Amino acid sequence: MEVKIPKDLLYTEDHEWVRKENGEITEGITDFAQSELQDIVYIELPEVGQEVVQGDSIATIEAVKTVTDLYAAISGKVVKVNKELEKKPELINKDTYDSGWIVKIKMSDSAELDTLLTPAEYKKVIQEE
Amino acid sequence: MKPKNITPLYKKHLELKASMVDFAGYKMPMQYSSIFEETKAVRDSAGLFDVSHMGEIEVSGERAVEFVNYLVTFDISKLKRFQAKYTVILNEKGGIIDDLVVYNLADKYLIVVNASNQKKDFEWFLKHKNSQVKVKNAGKKYFQIALQGPLSEKIINSVTEKDVSALSFYHSKEEKIANIQVLISRTGYTGEDGFEIYGKSEEAEKIWDVIMEEGRKYDISPCGLGARDLLRLEMGYCLYGNDITTETTPLEANLSWVISFSKGRFLGKKQLLKKKEEGTNRKLVGIVVPGKRIPRHGYNILKKGEKIGVITSGNFSPTLDSSIALGYVQSEYKKEGTKIEIEIRNRLAEGEIVKLPFWKNGTLNKRVSK
């Protein structure tokens, strides 16, 4: 099955996607990740206001096949979490790049964006898996 | 294990855009739409599964009855023609080599085994056979499709030449679908009414298409291994490799009902009798863990901080809207209603031991108790 890798986003090797919006980023898991996890049943979200460092585990995603962590793609402060997912975790399966977003982080160091992967680079990562 | 095998329905799965996984050396569909939607289809209407990866062993010859009876725990000499029985084969220590279904067909016994065990089982059969029996590994010869769900009977009757409503649970008959000869058996692994259909591999696609086409009127859904695993867990059915292995006995796994101690010799009997007399110190139980955190294979079961067992299968049940699991606990904790804790990633979740099956409203239970 062909997985979607939108051209206007950045990615991590851990299969997170990142959308830049001024000084903030929105983060979620990629289409590849959700298709690997299959039906998602539960998500444990971080606290709003929590300070995070790039690479920290900030959320836990429980799915039929396995459980996985969401890692902070960028250091900063959690400014918003997608509360809708507590009731409808399946939004991640159905619409991961839009209503299935997980967390918004106010960046503390925008230079970290350079460490993220371009769509082409991310495509290579999943081809190797 | 590297997957080198595909089933005769592989192309169908690709056409249906299934997400494919490697399972027991086969490329198999995990899901087509969503595991939960497919599970719901089987509980509410009907689902169609390709289970052609399952192995088949044929046993024939003069001494076939005695031979099969020596290997399995149930007394298969009691099987009427075309009757089937779920049973197990044991090693000399009484551990389970495999769980399987034996069909008493007109000219042979057809033994349907787990895909992951077919090589091991076949070698076991060969090792114990004598010159008066013929043992054939027929896994490649057959396709196997499972039609499961409350509307299965309506669907099957609209594709078979003759009505099969009279077929009772764990009985089979030869029938024709689209003029093709098949064996239809009223069996399954889901807790719903349903049928399993066996035929020649080269006819698999045709049979699949006919049932899917007819099933459309009844909201049939193709179903993958994900739904199959969830459906069987909701019924508390054992999965070989998880809940039963060579390290577990049927006594511990609540499978005493497949053993016939009175039938004479069978492999593993001596050890099993000994264990029966001694009493088992652990039992497989059903556990409900309210909420959505999933107790998974290998997680510890605790009581007041002490480890008393381990989870062997677990998942979130969309039918019951709760997490459920199977696991072994020390026998003194096996009683229904016992509160336990499960260590889910360094945090304790509260659970309770419950009577199996978890899902009690399946159409199969209604049929059997009728």
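Considering only region B:1-76, give the strands (runs of 3 or more DSSP E) lying wholly within it that have at least 1 residues that are surrounded by fewer than 18 Cβ atoms within 10 Å (Cβ to Cβ) and among the acidic types (Asp, Glu).
Result: B:19-23.
Test of understanding: among B:ILE324, B:ILE311, B:ILE301, which residue is farther than 30 Å from B:GLN148 by Cα and either crowded, with 22+ Cβ neighbours inside 10 Å or of a type in the set (Asp, Glu) (or both)?
B:ILE301
Look at region B:323-370 and say how many of its residues are away from chain A (no Cβ under 14 Å) and among the small types (Gly, Ala, Ser).
6
When only residues in region B:26-57 that are within 14 Å of another protein chain (Cβ to nearest Cβ) and either small (Gly, Ala, Ser) or in contact with a Phe, Trp or Tyr (Cβ under 6 Å, 6 or more places away or on another chain) (or both) count, which is nearest to B:VAL102 (Cα to Cα)?
The qualifying residue nearest to B:VAL102 (Cα to Cα) is B:ALA41.
Yes/no matrix, rows are residues, columns are (1) assigned by TED's automatic domain parsing to the domain that holds B:TYR26; (2) under 16 Å from the mean Cα position of the chain (by Cα); (3) at pLDDT 95 or above; (4) not aromatic (Phe, Trp, Tyr):
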| residue | (1), (2), (3), (4) |
| --- | --- |
| B:GLU66 | no, no, yes, yes |
| B:LYS85 | no, yes, yes, yes |
| B:ILE96 | no, yes, yes, yes |
| B:HIS128 | no, no, yes, yes |
| B:ALA146 | yes, yes, yes, yes |
| B:GLY149 | yes, yes, yes, yes |
| B:ILE155 | yes, no, yes, yes |
| B:VAL159 | yes, no, yes, yes |
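State which residue is surrounded by the most Cβ atoms within 10 Å (Cβ to Cβ) when the search covers only region A:71-106 and only residues that are in contact with a Ser or Thr (Cβ under 7 Å, 6 or more places away or on another chain) and aliphatic (A, V, I, L, M).
Result: A:ALA73.
If only one of A:ILE43, A:ILE74, A:ILE58, A:ILE105 is within 30 Å of B:ASP22 (Cβ to Cβ) and aliphatic (A, V, I, L, M), which one is it?
Checking each option against the conditions leaves just A:ILE43.
Does B:LEU100 qualify as being free of Cβ contacts under 8 Å to residues at least 40 places away in the same chain, of a type in the set (A, V, I, L, M) and within 14 Å of chain A (Cβ to nearest Cβ)?
no
Among the listed residues A:GLU36, A:GLU112, A:GLU16, which satisfies the condition of being within 14 Å of another protein chain (Cβ to nearest Cβ) and either of a type outside the set (A, V, I, L, M) or surrounded by 20 or more Cβ atoms within 10 Å (Cβ to Cβ) (or both)?
Just one listed residue meets the conditions, A:GLU36.
Mind listing whichever residues of region B:120-144 are among the hydroxyl-bearing types (Ser, Thr, Tyr) and loosely packed, with under 14 Cβ neighbours inside 10 Å?
Passing the criteria: only B:SER131.
Could you grab me the full set of residues in region A:95-129 that are assigned to a loop (DSSP other than H, G, I, E, B) and either out of contact with any Pro (no Cβ under 9 Å at 6 or more places or on another chain) or within 18 Å of A:PRO46 (Cβ to Cβ) (or both)?
A:THR96, A:ASP98, A:SER99, A:GLY100, A:TRP101, A:ILE102, A:SER108, A:ASP109, A:LEU116, A:THR118, A:GLU129
Contact list please: Cβ distance under 8 Å, first residue in region B:297-322 and more than 14 Å from chain A (Cβ to nearest Cβ), second residue outside any strand (DSSP E or B) and among the acidic types (Asp, Glu), pairs at least six apart or on different chains.
B:THR312/B:ASP243
Of A:THR30, A:THR60, which residue is under 30 Å from B:THR319 (Cβ atoms), within 14 Å of chain B (Cβ to nearest Cβ) and surrounded by 15 or more Cβ atoms within 10 Å (Cβ to Cβ)?
Answer to the check: A:THR60.
For A:GLY55, which of the numbered conditions (1) on the phi < 0 side of the Ramachandran plot; (2) part of a loop (DSSP other than H, G, I, E, B); (3) under 12 Å from the mean Cα position of the chain (by Cα) fails to hold?
All conditions pass for A:GLY55, except number (1).
Please work out if B:LYS269 is of a type outside the set (Gly, Ala, Ser), exposed (fewer than 14 other Cβ atoms within 10 Å of the Cβ) and more than 25 Å from B:ARG345 (Cβ to Cβ).
Here the answer is no, as B:LYS269 does not meet what is asked.
For residues that are among the hydrophobic types (A, V, I, L, M, F, W, C) and closer than 19 Å to B:VAL68 by Cα, scanning just region B:236-265, find the one that is surrounded by the fewest Cβ atoms within 10 Å (Cβ to Cβ).
By that ranking, first place goes to B:TRP257.
Condition test on A:ILE92, is it closer than 25 Å to B:ARG228 by Cβ, under 12 Å from the mean Cα position of the chain (by Cα) and either outside any loop (DSSP other than H, G, I, E, B) or within 14 Å of chain B (Cβ to nearest Cβ) (or both)?
yes
Give the residue, chosen from B:ALA138, B:ALA166, B:ALA146, that is touching a residue at least 24 places away in the same chain (Cβ under 8 Å), farther than 19 Å from B:LYS40 by Cβ and aliphatic (A, V, I, L, M).
That would be B:ALA138, the only listed residue that is touching a residue at least 24 places away in the same chain (Cβ under 8 Å), farther than 19 Å from B:LYS40 by Cβ and aliphatic (A, V, I, L, M).
The values are calculated or read from the model by the stated rules, or taken from the named source; none is laboratory data. Nothing here was measured: the structure is a model prediction, and the numbers come from that model. Note that we place each Cβ from the backbone using ideal geometry, even for glycine, and neighbour counts take in every protein chain shown.
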